[in-house]
Amino acid sequence: MTEKRTVRSAEELLAVMIAKNDKALAEDKAKYKAGNKKVAEWARKKRIKSGHSLRFIASCMGVSAPFLHDLERGKRNWPIGRVEAWGHAIRSQGVRK
């Protein structure tokens with residue numbers, strides 16, 4: 001028995017490729033959000049354990065308290081520069097409020 005192959009147009013192949021790519025991108029985005037949420041939760045726990053207030057850490061980082069709050073809740077992404085600033089702020093021995 002011979003197989004009957006269907007010839008697809010370039011547009012059909014492109015549509016299939018785009019659909020697969022969209023699915024992969026959606027999966028990657030979900031993984032990224034889950035990872036960002038874990039980092040945010042960890043950062044909040046470390047800040048609380050260190051005894052520093054949200055406002056103190058935000059001030060040391062050079063960001064607003066609402067911005068840091070959003071970072072700690074996973075509503076914003078953690079740019080590498082902010083991660084470094086957060087690390088310096090957590091290790092600082094300033095006045096704890």
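Nothing in this text is a laboratory measurement; each read-out follows from the coordinates by a stated rule. Because the structure is predicted, anything quoted here is derived from the model rather than measured. Backbone-built Cβ (ideal geometry, glycine too); neighbour counts: all protein chains shown.
A compact table of results
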| item | result |
| --- | --- |
| The chain, dipole about Cα centre (Lys/Arg Cβ +1, Asp/Glu Cβ -1), debye to the nearest 20 | 700 debye |
| MRE, 222 nm, helices only [DSSP H, n ≥ 4, -39500 (n - 2.57), over the chain, to nearest 500] | -24000 deg cm²/dmol |
| Stretch gain in nm, segment residue 30-residue 78, where the contour uses 0.36 nm per residue and the Cα spacing is subtracted | 15.7 nm |
| Spread of Cα-to-Cα distances over 5 Å intervals beginning at zero, given as percent, for the stretch 10-91 | 3, 15, 21, 19, 10, 7, 7, 6, 5, 4, 2, 1, 0 |
| Normalised contact order of the stretch 38-92, rounded percent, pairs of Cα under 8 Å and 6 or more residues apart | 41 percent |
| Cα-based reach from residue 75 at 20 Å (exclusive), listing lysines while leaving out same-chain residues under 8 positions away | 29, 31, 33, 37, 38, 45, 46 |
| Choice from 36, 77, 21 with maximal GNM fluctuation in the chain (Cα, 10 Å cutoff) | 21 |
